[in-house]
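The values are calculated or read from the model by the stated rules, or taken from the named source; none is laboratory data. Keep in mind it's a predicted model, so treat the numbers as computed, not measured. Please note: Cβ atoms are built from the backbone with ideal geometry, for glycine as well, and neighbour counts cover all protein chains shown.
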Amino acid sequence: MTTAIKLLQSKFGFNSFRAGQQEAIEILLSGRSAAAIFPTGSGKSLCYQLTALMLPGLTLVVSPLLALMKDQIDSLQAKNISAERLDSSLTEEKYREVSNAIRKGELKMLFVSPERLTNERFLNLIRGQQISLLAVDEAHCISAWGHNFRPDYLKLAQAVKSLNVERVLALTATATPQVADDMAQAFGIQPGDVINTGFYRPNLEFRVTACAGRERDQLLLQRLKERPPGPAIIYVHLQKDAENTATFLCQNGFNAAPYHAGLKSELRAATQEDFMEGRIPIICATIAFGMGVDKADIRYVYHYHLAKGFESYLQETGRAGRDGAPAICELFASPEDCTTLENFVYGDTPDESSITSLIDELLNAGDEIDITARELSKTHDIRQLVVSTLLTHLELFGIIQFEGYYYSDIRFEAHQTGAAILAQYPEKQAAFLKKVFACGKKARKWITLDVDEATERCGQPRAVILRAMDSLQEKNLITLQMSGYRQRFKLLQTDIDRAALCKKLTALFLQHEEMEIARIDAMVAYAGESTCLTNRLLDYFGEPIDPCGHCGICKGDAPATIPERKIPPLDPSILPAITELAAKYSEALGRPRQQARFLLGLNSPAISAQRSLRGNPLFGSCAQHLFKSVLEQLEQNQR
């Protein structure tokens, strides 16, 4: 570790390792895979950044967040460390530049999204390179028991094998024992190589205040006035809440700004930079804000609304006090929040009819299934992420096999005549390229290539054709454009009881629904906790402690008493009105769950396809009602 310590000092400016870092690096340097379960802000990224400098070849870093990639790359490049990213925001010129650097072995670190590891163009580029390390950020996403399951993470384990990755580092700040086991099993990590430094942060003071929804603004204002000034994040549920809360604070003399996914990317970036530099001390944000925000002196994290679960709460509060100085994390607990959170969960669950129609389409497609999740989402009125989850379940059942993503539309612009291009290649390669060019259909400027015809005529697989086209672009002989991103699956089973399969899938989604509702219920129970708040939070992650002595309860606060939820009765005019509207828009509103989503103001692919529906006064008219209750009444109405 002598070399590692020298690099730590010379490249990263630290004199010593933090807890767990040296242990993780030693495991990786010995050639084994490791998992690092460290609290938010405790230096997980250093484990792969430093290790990458000590290993030959390339380190691939998988991250689900583009902003996080940009921040890390800027920081690494400032240290003269060769790091780049490949993502959809790059220009074709920048893509070529990064691709050439990969081919020449000039990069030490490459940041990509999990989806990129199933992209045929990327796999052609990376295959054959020495990948010494694959670092997987937010690795808890691989577990269906985690709070943020992402189907594409399951394919990472397959990519490790197909790309001959030498070792893996799985990273997360939030993993229950069950999720940690899933991570280790997926990436072949030995039990002794799972490093969990614990979640306890002695400088964080957890507090809970029960309130009615209408009391929150004044309560927040009171807290900001009575406590010493300091950088603060205020987490809210909805984009409009971020806007309204920031406006309210500005009207009352505080410098605050909203942050959410609905803002233009330039404004989001500028707002984050202003917060980091101290020009804006208060951010009112949805959970779109926070991942990768490495600001050490955040003194307050307020949850204006209830967090959706312990995992989210631990991650969001973990952004406070990274400098080790005292910080306060206060939760405003109001019963109305449960309704909003529950409705989001219920609204994501597809009904059995949608699942059945999607399964029929897939199984009727023949042995080779060619689809896009986007098209399936629109056709069957299931959110795109839920479609991807459903396809993953079918893979796990052994019904279909993922064959990869591919581009259905490939075109190129030749910078020279065909003869001039071919003249630059040896006879055998020129003959091959001539056959490829013959499969193109020329327009005024672009030549559209029929890759299926080219594979048949040349007797070579798609990968070889695409490598040839990339090579032509690398030599600046053509400009290449690819679009029409699609997925291919192979049907493995034909004798399938479709009804039983659809019921099984429906049950799985309902089970996930119950699991998410249980997370919300656990947060409500936490809000009313009568014993140490810190212990209650850590116990969920398998790390119970003695009373901390510094949370609200330990300091003498009375347990928060959450007011009882008051749900207004459903307006009797709603049922006949939605029945009449559903008759006009049967594809979007024909089924009770579709109608319930609409009445509660939850968007869906079918509703988005009918713009006039979004402006209908019935949309969101039952936003304060319980999804489950509204759904039951709609189902009775259809009988």
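When restricted to residues that are at pLDDT 95 or above and touching a strand residue (DSSP E or B) at 6+ places or on another chain (Cβ under 8 Å), region 325-360 contains 7. Within the set 296, 242, the sole residue that is out of contact with any His (no Cβ under 6 Å at 6 or more places or on another chain) and aliphatic (A, V, I, L, M) turns out to be 296. Among the residues of region 377-395, none qualifies, meaning not one is surrounded by fewer than 17 Cβ atoms within 10 Å (Cβ to Cβ), in a loop (DSSP other than H, G, I, E, B) and modelled with pLDDT of 90 or more. Checking region 263-283 against the condition returns no match, with no residue being within 24 Å of residue 314 (Cβ to Cβ) and small (Gly, Ala, Ser).
Just one of the listed residues (220, 163, 154) is over 26 Å from residue 405 (Cα atoms) and either in contact (Cβ under 8 Å) with a residue 12 or more places away in the chain or of a type in the set (Lys, Arg) (or both), namely 220.
So, residue 21, is that one modelled with pLDDT of 90 or more and farther than 21 Å from residue 160 by Cα or not? Spelling it out, residue 21 is indeed modelled with pLDDT of 90 or more and farther than 21 Å from residue 160 by Cα. Elements of the type helices (runs of 4 or more DSSP H) sitting completely within region 112-193 and holding at least 2 residues that are modelled with pLDDT under 85 and more than 22 Å from residue 51 (Cα to Cα): these cover 120-126, 151-162.
Cβ-Cβ distances below 8 Å connect the following pairs, each with a first residue in region 514-540 that is among the hydroxyl-bearing types (Ser, Thr, Tyr), a second residue that is surrounded by fewer than 19 Cβ atoms within 10 Å (Cβ to Cβ) and in a helix (DSSP H, G or I), and a separation of six or more residues or different chains: 540/522.
Restricting attention to region 76-122, the residues that are out of contact with any strand residue (DSSP E or B) (no Cβ under 9 Å at 6 or more places or on another chain) and among the small types (Gly, Ala, Ser) add up to 4. For region 547-565, indicate whether the set of residues that are under 30 Å from residue 612 (Cα atoms) and among the acidic types (Asp, Glu) is non-empty. Taking every residue of region 547-565 in turn, none turns out to be under 30 Å from residue 612 (Cα atoms) and among the acidic types (Asp, Glu). Can you find even one residue in region 252-262 that is in contact with a Pro (Cβ under 8 Å, 6 or more places away or on another chain) and of a type in the set (S, T, N, Q)? Looking for residues that are in contact with a Pro (Cβ under 8 Å, 6 or more places away or on another chain) and of a type in the set (S, T, N, Q), one finds at least one in region 252-262, hence yes.
With respect to the numbered conditions (1) under 26 Å from residue 177 (Cβ atoms); (2) out of contact with any Asp or Glu (no Cβ under 7 Å at 6 or more places or on another chain); (3) surrounded by 16 or more Cβ atoms within 10 Å (Cβ to Cβ), which one is the sole condition not fulfilled by residue 83? It fails just one condition, (1). Only one entry in 587, 580 is more than 25 Å from the chain's Cα centre (by Cα), free of Cβ contacts under 8 Å to residues at least 24 places away in the same chain and over 17 Å from residue 632 (Cβ atoms), namely 580.
Count of region 244-281 residues, restricted to those that are free of Cβ contacts under 8 Å to residues at least 12 places away in the same chain, in a loop (DSSP other than H, G, I, E, B) and not charged (D, E, K, R), is 2.
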